[in-house]
Amino acid sequence: MMSIHEHTFDAIVVGAGGSGLMAAVYLAKQGSLRTAVLSKLYPTRSHTGTAQGGIGAALGNMGEEDHWEWHMFDTIKGSDYLGDQDAIEVMCRESPEVVYELEHMGLPFSRTEDGRIAQRRFGGHTSNFGEAPVRRACYAADRTGHMILQTLYQQSIKHDVEFFDEFQVVDLLIEDGSCRGAVALNIATGELHIFRSKALVLATGGYGQVWEITSNAVTLTGDGLFLVARRGVPLEDMEFYQFHPTGIRRMGILITEGVRGEGGILRNHAGERFMELYAPNLKDLASRDVVSRAIYKEIRAGRGINGERYVHLDATQLGAEVIENKLPEIADFCRTYLGIDPVTEPIPIQPTAHYAMGGIPTDVDGGVVGMQGEPVRGLYAIGECACVSVHGANRLGTNSLVDLVVFGRRAGIAMAEYCRGADLEPTGEDPAGRSREELEALLSTAGKDGENAAEIRREMKELMMDNVSVFRTDELLSEAKVKLEELRERADRIAIDDPSRAFNLDLTDAWETRGMVELAQITTECALNRTESRGAHSREDYPDRDDENWLKHTLAVVRDGASEIGYKPVSITRFEPKERVY
Amino acid sequence: MRVLFKVYRYQPETREDAYFDSFEFDAEPTDRVLDGLNHIKWHLDGTLTLRRSCQHGICGSDALRINGVNRLACKVLIGDVGSKIKIEPLMGFTVIKDLVVDMDRFFSHYRSVMPYFVNDEAPPDRERLQSVEARDAYDDTTKCILCAACTTSCPSAWSNPDFIGPAAIVQAHRFIFDDRDEGSEERLAALGQRDGVWRCRTVFNCTRACPKEIQITKAIGEVKKAIVADRS
Ligand SMILES: Cc1cc2nc3c(=O)[nH]c(=O)nc-3n(C[C@H](O)[C@H](O)[C@H](O)COP(=O)(O)OP(=O)(O)OC[C@H]3O[C@@H](n4cnc5c(N)ncnc54)[C@H](O)[C@@H]3O)c2cc1C
């Protein structure tokens, strides 16, 4: 039997990426609250560290005018008008202030000649409501995420945040509309721990591992998402998943949009700059959904390199100095994994699964809201696992890092406030019972005959890549739905190899696999349900945006293994939906 | 190509001693060593245990001894190490299971150098200014991903576990040479102690081991100089 340990805190942060650490720093600054951060990875291993290109804020440091209202407009247009304008206003208004705050925490941004934070161009970011590209992405070479993660971890140490490293949350104690804590597996020992809390925030990141070609870490398995879904909390806009145009061919490793921001150009087999055709004004710097679709269309028309499923990202005109100084990591990836030098050779790329616009529905303070807009007391969500919604149907580059710190900070402040007025609510008898049963049952399969979790993952990833990616149809999605149901049944029969307690990643892999199949199902059902094309959700059988019927968010709640779908209105405050051209 | 992975195994719950296991299979020369280890875990033996996450040399989870040299398993291609590949955990730490080591001491050394920005003056409304040259002075050491490849390749750290090790010094360097930071007096005092920088014998193993190509020995030298300057 697994032994059980118990802890009580005021506030718990699940996840130690940029969003979780920002919330933790703000909770710690409140002083008297007992706060713990639980993370299945050492904090500095979190995927925020891989973010490359920049964090968006209208600082206007480059001798060009910029305003947060322009940033707001670009974000709304980028979202294909599905983003909530009240939330987007909060984000764009607060982003300059949080970027300065990161600088004050010591973040080593790259600098301009006059010593200010350096900024570069990024897709979809423009001046004067769409006129021309503007330099808005604040960067630290192409290691912006690494610097944010390091800086926030350093600040957590400074503020004495208490960490439970390599603790994986495996259940949430949600009862009668309130969250009373979580159950976590101490990976090092295999023991279960019950954490009781007044307020808990999920900051568990994305779920890109559901697809075959992805920029996401193997650990980005969407735990926070399937955990809330299993406890009857809805997920919002799950049909909107972003494919970044430029992943390294076959590997999916990201090549930042910053390469195009610095002047890189996409070319097809004939060497043509094909984006001129698809986005005459912004060209290579159009929104990601637009560029990914263009690449797919080029490939379909037989204009991929040598007729194969990839195109070239040409950075040779940037020159050695720009590449070595502003894009050193990219140069390193190309040399290490492709054996090519981007200074002289084009980079083979294909779209790669990258970012979840959808997620756990929240208000602008990170507070989770249910199907009818009712709050789930004591439960918060921030970062990529949350859906505020500031990204709507398509996220602009540099807006996730902004989202992490703006809403991480707001949630930290709101949770502290909530904790002061709230009491610990009781948990039912044997709160770890469900998790214990689930994990013991999986452990008892060790060495027996059964399904291999890795094989289920492989089939799911291929299926999602072929049927539920950049272009979708009723036929493809319906087929995926049937096959995912089969995969889900097979996932119930997974048998693992490793019978041991300590550091059993065979066990956690299997557990995550089941959750990912559930998320793949929800994503597919939401995609099937939305019969229009908007942002990253592109239905070839319904090629147009349909504001009359579909200018609304999807909410999916899982009942008896199937998604029940509801809707909620989009907040429109300043910018009426218009046709979207770049 | 056909490859033979010889992998260090330690499974304390089922067997007392450590041993090597061999796995032979087909791989592409362009596969990462990590892809080979994943192949073993996913298809040949699910009990094989190692830390991994981003798979492209940023998160620092999978520093291992690969044919006797500390490297990130996700940053070396199979074709570059050859068809016989020996995999062992980092040296000098307690092994928990297979390739997973206990990193607690490593992180406590890291924490001992005040690895955070110190400046108690009220900040301006906008950013603090920093010149391009001043930003360059500590650029190299900002790249550290705390993978421990350097510290576990250092003979001084092997022989004296209390030596704070190259990684902690790199982290301290990042702040000492940042002209916005004001915490260096305390930091240099800590680094000047018995188990601080002076244990470094400039063997350069750390520099060779660093997957981010940080000039670690040079950085340690700069910290030594700063301590001397501070004292005089
Ligand atoms: C390669 C790449 C480049 C990018 N570049 C940019 C960019 O330039 N600009 C930009 O704005 N955005 C960028 N993004 C997007 C952005 O980096 C991510 O969306 C963001 O970092 C996610 O942060 P997060 O805090 O939500 O989660 P993450 O940083 O992913 O952290 C998730 C945390 O949750 C923990 N966790 C997960 N499950 C559990 C569990 N069950 N129990 C306990 N802990 C758990 C993990 O240990 C980890 O600490 C990029 C993304 C990628 C992949």
Checklist outcome for this item: Of the DSSP H helices in chain B, the ones reaching 20 Å or more along their long axis in Cα terms and averaging at least -0.5 in Kyte-Doolittle hydropathy are B:216-231
Checklist outcome for this item: Each residue of A:133-143 has, on average, a number of other protein chain C-beta atoms within 10 Å of its C-beta equal to 1
Next on the checklist: How far apart, in nanometres, would the label points at A:Arg434 and A:Lys552 be if each is projected 7 angstrom from Cα along the Cα-to-Cβ direction?
Outcome noted: 2.9 nm
Checklist entry - In deg cm²/dmol and to the nearest 500, what is the mean residue ellipticity at 222 nm of chain B if only DSSP H runs of at least 4 residues count, each as -39500 (n - 2.57), divided by the residue total? => result -8000 deg cm²/dmol
Checklist outcome for this item: Within the range A:183-290, DSSP-loop GluC sites (Glu not before Pro) with at most 15 other C-beta atoms within 10 Å are A:Glu272
Checklist entry - Which whole-Hz couplings ³J(HN,Hα) result when phi for each residue of the range B:79-84 is put into the Karplus expression 6.51 cos²θ - 1.76 cosθ + 1.60, θ = phi - 60°, listed in order with x for Gly and Pro? => result x, 8, 10, x, 8, 10
Checklist outcome for this item: Share of accessible surface on carbon and sulfur in the range B:2-101, whole %, 1.4 Å probe and ligands ignored, is 45 percent
Next on the checklist: Need the full-extension length gain, A:Thr427 to A:Glu101, defined as separation in residues times 0.36 nm minus the C-alpha distance. One decimal, nm.
Outcome noted: 113.5 nm
Next on the checklist: Given contacts defined as C-alpha pairs under 8 Å and at least six residues apart, what's the relative contact order of the range A:35-184, whole-number percent?
Outcome noted: 37 percent
Checklist outcome for this item: Rounded to the nearest 5, the percent of antiparallel DSSP beta bridges in the protein assembly as shown equals 70 percent
Next on the checklist: Please list, by residue number, everything in the range A:24-54 whose backbone N is under 13 Å from a paramagnetic label point 7 Å out along Cα→Cβ of B:Glu182.
Outcome noted: none
Checklist outcome for this item: With A:Tyr26 itself left out, Lys, Arg at +1 and Asp, Glu at -1 over residues whose Cβ is under 10 Å from its Cβ give +3
Item to check | Listing of the range B:49-63 residues, each with accessible area lower by at least 40 Å² in the full protein assembly than in the chain alone (probe 1.4 Å) | outcome: B:Arg51, B:Arg52, B:Ser53, B:His56, B:Ile58, B:Cys59
Checklist outcome for this item: Listed by chain and number, the residues whose amide H is under 5 Å from that of A:Thr189, excluding neighbours fewer than 5 places away on the same chain and using placed H, are A:Phe503
Checklist entry - Mind checking the mean number of beta-carbon atoms from other chains within 10 Å of the Cβ atoms in B:143-151? => result 3
Checklist entry - If each of B:Ser108 and A:Arg420 carries a label point 7 Å out from its Cα toward its Cβ, how far apart are those two points in nm? => result 3.7 nm
Checklist outcome for this item: For chain B, cysteines with no other Cys Cβ under 4.7 Å from their own Cβ are listed as B:Cys74, B:Cys144, B:Cys147, B:Cys154, B:Cys200, B:Cys210
Checklist outcome for this item: Phi angles of the range A:257-262, converted by Karplus (6.51 cos²θ - 1.76 cosθ + 1.60, θ = phi - 60°) into ³J(HN,Hα) in whole Hz with x for Gly and Pro, give 4, x, 4, 6, x, 8
Checklist outcome for this item: Taking R0 as 30 Å and r as the Cβ-Cβ distance between A:Arg300 and A:Glu564, the FRET efficiency 1/(1 + (r/R0)^6), rounded to the nearest 0.05, comes to 0.25
Checklist outcome for this item: Sorted by chain and number, the residues with a modelled amide H under 5 Å from that of A:Tyr310, at a separation of 5 or more or across chains, are A:Ile305
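Calculated FRET efficiency, B:Glu213 and A:Arg231, Cβ-Cβ r, R0 56 Å, to nearest 0.05?
Efficiency for this residue pair is about 0.75.
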Checklist entry - If you rank A:Lys29, A:Lys158, B:Lys218, B:Lys225 by how much accessible surface each has, with a 1.4 Å probe, what is the order from largest down? => result B:Lys225, B:Lys218, A:Lys29, A:Lys158
Checklist outcome for this item: Which of B:Pro12, B:Pro89, B:Pro155 fluctuates most in a GNM of chain B (C-alpha springs under 10 Å)? That residue is B:Pro12
Checklist outcome for this item: Honestly the range A:433-551 on the Cα gyration tensor test (a ≥ b ≥ c root eigenvalues; a/c under 1.5 rounded, otherwise a/b vs b/c for prolate or oblate) is just prolate
Next on the checklist: Based on alpha-carbon centroids, what's the gap between the range B:157-179 and the range A:387-465 in Å, whole number please?
Outcome noted: 35 Å
Checklist entry - Any idea of the accessible area per residue across the range A:242-349, 1.4 Å probe, to the nearest Å²? => result 36 Å²
Checklist outcome for this item: The computed P(r) of chain A puts the percent of Cα pairs beyond 43 Å at 14 percent
Checklist entry - Hey, what do the phi angles of the range B:194-209 turn into as Karplus ³J(HN,Hα) couplings, whole Hz, using 6.51/-1.76/1.60 and θ = phi - 60°, x for Gly and Pro? => result 3, 9, x, 4, 5, 6, 6, 10, 6, 7, 6, 4, 4, 4, 5, 7
Next on the checklist: On a straight-distance basis, which lysines could pair with A:Lys448 in a cross-link, Cα separation under 23 angstrom, same-chain partners fewer than 8 positions away excluded?
Outcome noted: B:Lys41, B:Lys97
Checklist entry - Got a sec? What order do B:Tyr10, A:Tyr567, A:Tyr26 fall in by accessible area at 1.4 Å, biggest, i.e. largest, first? => result A:Tyr567, B:Tyr10, A:Tyr26
Item to check | Within the range A:456-554, trypsin sites (Lys or Arg not before Pro) in DSSP loop having at most 13 other beta-carbon neighbours inside 10 Å | outcome: A:Arg493
Checklist entry - So between A:Lys448 and A:Glu113, what do we pick up on full extension, going 0.36 nm a residue minus the alpha carbon distance? => result 114.1 nm
Checklist entry - Mean residue ellipticity at 222 nm from the helices of chain A, using -39,500 (n - 2.57) per DSSP H segment of n ≥ 4 over the full residue count, to the nearest 500 deg cm²/dmol? => result -10500 deg cm²/dmol
Checklist entry - To the nearest whole number, what is the average tally of beta carbon atoms from other chains within 10 Å of the beta carbons of peptide A:100-108? => result 6
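The values are calculated or read from the model by the stated rules, or taken from the named source; none is laboratory data. Nothing here was measured: the structure is a model prediction, and the numbers come from that model. So basically every Cβ, Gly included, is an ideal-geometry build from the backbone, and we count neighbours across all protein chains shown. Surface areas here come from the heavy atoms of the whole protein model, side chains and all, with no ligands, DNA or RNA. Shrake-Rupley method; radii C 1.70, N 1.55, O 1.52, S 1.80 Å.
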